[in-house]
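The values are calculated or read from the model by the stated rules, or taken from the named source; none is laboratory data. All of these numbers come straight from a predicted model, not from anything done at the bench. No Cβ is skipped: glycine too gets one built from the backbone with ideal geometry, and neighbour counts run over all protein chains shown. To get the accessible areas, we keep the full protein, side chains included, count just its heavy atoms, and leave off ligands, DNA and RNA. Shrake-Rupley method; radii C 1.70, N 1.55, O 1.52, S 1.80 Å.
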Amino acid sequence: MVIFGNFKKADTGNSNIKLTVEIRDYPSGRVLTDAKTVVDNTNYPNTNMFFVSAKVYKGQKIQIFFDASSINNPPGFFRKAWVDYDAYLAPL
């Protein structure tokens with residue numbers, strides 16, 4: 001399975017953000033991605049591309065996890081990110 005897309009900061013905070021994307025097994029929560037993908041949002045207001053993949057099998061339940069967090073400043077109550085993504089499942 002491949003998940004790919006774009007993201008950018010969607011709030012007025014001064015610090016840049018990073019986006020963590022993971023594919024997880026459901027309901028165990030075990031991370032299936034080859035590596036935790038973190039992309040820095042350093043070219044705001046433009047979008048940043050991301051890409052993550054994992055081996056999944058037919059009938060497996062998965063969870064797609066997105067987390068936007070601050071890079072430079074301590075996190076506040078929340079961070080907002082605009083995320084546009086698509087997924088592709090290739091047969092083995």
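Compute the label zone of T12 within segment 32-51: residues whose backbone N is under 17 Å from the point 7 Å along Cα-to-Cβ.
The answer is 45, whose backbone nitrogens lie closer than 17 Å to the label point.
Can you list residues whose amide H is under 5 Å from D11's amide H, if they're 5+ apart or on another chain and H is modeled 1.01 Å from N?
K80
Sort all Cα-Cα distances of the chain into consecutive 10 angstrom bins from zero, then give the percent of pairs in each bin up to the one containing the longest distance.
Taking every Cα pair in the chain, the percentages come to 17, 45, 28, 10, 1.
How about the chain: which trypsin sites (Lys or Arg not before Pro) there lie in a loop by DSSP and see at most 16 other Cβ atoms within 10 Å?
R30, K36, K55, K58, K61, K80
Might you tell me the accessible area per residue for the chain, computed with a 1.4 Å probe and given in Å²?
Counting only protein heavy atoms, the per-residue value for the chain is 68 Å².
Pull up all non-local amide H partners of T47: gap of 5 or more, or a different chain, and H-to-H distance under 5 Å with H placed in the peptide plane.
none
Please list, in chain and number order, the residues 5+ apart from V39 or on another chain whose amide H is under 5 Å from its amide H, with Hs placed from the backbone.
Excluding prolines and chain starts, which carry no amide H, the hits are L19.
Let me know the longest stretch in the chain that avoids all chymotrypsin sites (Phe, Trp or Tyr not before Pro) found in a DSSP loop with at most 13 other C-beta atoms within 10 Å.
1-56
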